[in-house]
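Peer 1: There's a structure below that I have some questions on.
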């Protein structure tokens, strides 16, 4: 007689199996409530296996903790019995689209997505609540069912989603915010592919704590960067200083597998290579033919430009062996190792030196000369130059600073004619992040704090430009719009209605503007709504159920 489990797998059970495979002698059994046996780990034996590295409760150790952290971990591992119900009437091209728009508490949704998308999400972007006080609406109490919860709090939507505000009495305490974020980020890691990456927008209220919990969950070695986004605008209500920046933390599932090179246009219009423009035009003409482009890319290895080898340009001149910076003499003398002789290979005389010194040390310069990467002039009076191959100039590593003054509110206003959503992220920021990571044309991008669906907007726009087929999964709690807001006055009852309408509008606009190249572009989405399961906890008994074969 088979007993169906009407909930997601218990992650603890999976972890017990993994440890059991590594240390079979540590696997044992115990009786749980009800008298049924279950597998568990003998921690005394496990400590013996790890005796050289185990830490006792009395030992001091580096750790980051807060009240209820253990409960947050249990919350992440606990199974849920909810399900996702399709809503075709609110979907667009339901039967053919591969995009998802999911309404509901993202913690429950992440656990359900884990069943299908474990290790399959290439990129996650989230813009979670910033903990500015009285601003987020999540409570994760799985010890009671939906009916009990609703009777206790009275704050819920029509499908029973938890809508509990971070109260004024709690203000900006860190505990509530950390307990809300920790289990979600833990589940997000499970969803990422081995070469996946997560981008998290945050401000300075919680950036330090966010980095600490990400270091714990993803590992410090998988920390990629803290991108500073200079917005160029901000609230002018601070008594001390006006913040014009926000941050985007970047972590990888496995940093050694992550590639973050951006392709850039060839810098061809430099003095030194007359045929560069011809090469550029030829490359552009082959851009949409993969086979021809691969052949041509091999040819690129033979083409190069000439870059100068002069010293740092910000130093205006050298005077009496002291470097002069913007007219001010620096205390430290100019480094003599950048003022050495380079012997011309034909005349045998020292080449002319730049006034600011060479850009490389003598040892590094010798290595360049030996590898034939330096071009000498007709004689020693001409400054040597370095070869810069076009193939090497096609890619660059992105930096951790984004100068972008675009305002997401402008994007929203163009769509809705009013400011239907407060402080949305600009499409250009999401477009930049997806392009930076070089998400392949068929990868999945997840945003489980989707808000006004900026991420979906950016995915469709990028697909339209490069012919890609990236898929998006948007997850959003149907938080009610304030009755005084512009969105509510425009007829939108909750945030999900705003997000879905934005996707419809943007998809229609993209196709109308590019009818010849977007015929097969997927601008649809399936709407799924989190709900309690409609399956009863039953035993399938063929003798009692004649319809079961």
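Peer 1: Can you tell me which residue within the stretch 439-458, out of those that are part of a loop (DSSP other than H, G, I, E, B) and closer than 11 Å to residue 123 by Cβ, is nearest to the chain's Cα centre (by Cα)?
Peer 2: If we take residues in the stretch 439-458 being part of a loop (DSSP other than H, G, I, E, B) and closer than 11 Å to residue 123 by Cβ, then 439 is nearest to the chain's Cα centre (by Cα).
Peer 1: Also: Among the numbered criteria (1) out of contact with any helix residue (DSSP H, G or I) (no Cβ under 9 Å at 6 or more places or on another chain); (2) under 30 Å from residue 468 (Cα atoms); (3) in a loop (DSSP other than H, G, I, E, B), which single criterion is violated by residue 115?
Peer 2: The failed condition is (3).
Peer 1: Here's something else I'd like to know. Specify the residue that is farthest from residue 445 (Cα to Cα); the eligible residues are those in the stretch 96-110 that are in a helix (DSSP H, G or I) and within 19 Å of the chain's Cα centre (by Cα).
Peer 2: For the stretch 96-110, the residue satisfying everything is 107.
Peer 1: Further question on the same structure: From the residues in the stretch 31-47 that are over 41 Å from the mean Cα position of the chain (by Cα) and in a strand (DSSP E or B), which one is modelled with the lowest pLDDT?
Peer 2: The extreme case among them is 31.
Peer 1: When the residues of the stretch 358-382 are filtered to those that are touching a strand residue (DSSP E or B) at 6+ places or on another chain (Cβ under 7 Å) and assigned to a loop (DSSP other than H, G, I, E, B), which remaining residue is nearest to residue 339 (Cα to Cα)?
Peer 2: 359
Peer 1: Would you point out which residue out of 342, 375, 402 is touching a helix residue (DSSP H, G or I) at 6+ places or on another chain (Cβ under 9 Å) and touching a residue at least 60 places away in the same chain (Cβ under 8 Å)?
Peer 2: Criteria check complete, one pass: 402.
Peer 1: Given 493, 489, which one is at pLDDT 90 or above, farther than 30 Å from residue 399 by Cα and surrounded by fewer than 24 Cβ atoms within 10 Å (Cβ to Cβ)?
Peer 2: 493
The values are calculated or read from the model by the stated rules, or taken from the named source; none is laboratory data. Everything quoted here is computed from the prediction, not taken from an experiment. Counting neighbours? That spans all protein chains shown, and the Cβs are built from the backbone with ideal geometry, glycine included.
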